[in-house]
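Each value in this text was obtained by applying a stated rule to the coordinates, not by laboratory testing. Being a predicted model, the structure only gives us computed values, none of them experimental. Every residue, glycine as well, gets a Cβ built from its backbone with ideal geometry; the counts of neighbours run over all protein chains shown.
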Amino acid sequence: MKWIITKDLLDGADTGYGNHRGELDELPHVFRLLDDDGIAYYEGRSDDNSSEDAFEPLDWAAAHAGCTEIQYRNGGRWETL
């Protein structure tokens with residue numbers, strides 16, 4: 001799976017964490033990563049939002065920042081995977 005963190009929502013910075021170095025339009029699925037208080041830390045994009053691999057950004061964010069939840073945007077709403 002390809003994914004990239006596009007925004008650090010806590011400090012407003014653009015980031016480059018992830019394993020994708022191509023064009024963002026190759027990654028159609030928008031996600032965000034939250035802590036256990038429901039605070040969104042990061043936003044990003046991936047090429048998968050439904051398989052076991054869709055949790056890869058959360059694996060990174062759990063180790064990096066203590067995130068516990070990943071949500072993918074579906075229509076105009078966020079849905080927890």
- Task: Report which label in (1) 35, 29, 16; (2) 31, 24, 23; (3) 56, 37, 21 holds the value of Cα extents along the principal axes in Å derived from the coordinates of this structure.
- Result: (2)
- Message: Please list, by residue number, every one of the trypsin sites (Lys or Arg not before Pro) in the chain that is coil in DSSP and has at most 10 other beta-carbon atoms within 10 Å.
- Response: Arg21
- Message: Can you show me the helix-derived [θ] at 222 nm for the chain, built from DSSP H runs with n ≥ 4 at -39,500 (n - 2.57) apiece and divided by the number of residues, rounded to the nearest 500.
- Response: -3500 deg cm²/dmol
- Message: Which one, Leu27, Asn49, Gly16, is farthest towards the positive end of the dipole of segment 15-54 when Lys and Arg carry +1 and Asp and Glu -1 on their Cβ?
- Response: Gly16
- Task: Could you work out the relative contact order of the chain, using alpha carbon pairs under 8 angstrom and six or more residues apart, expressed as a whole percent?
- Result: 30 percent
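Report, in debye and to the nearest 20, how large the dipole of the chain comes out about its Cα centre when Lys and Arg carry +1 and Asp and Glu carry -1 on their Cβ.
Details: 7 positive and 18 negative charges, 41 e Å.
So the dipole magnitude of the chain works out to roughly 200 debye.
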- Hey, for a label at Asn19 modelled as a point 7 Å past Cα toward Cβ, could you say which residues of segment 39-63 have their backbone N under 16 Å away? 45-63
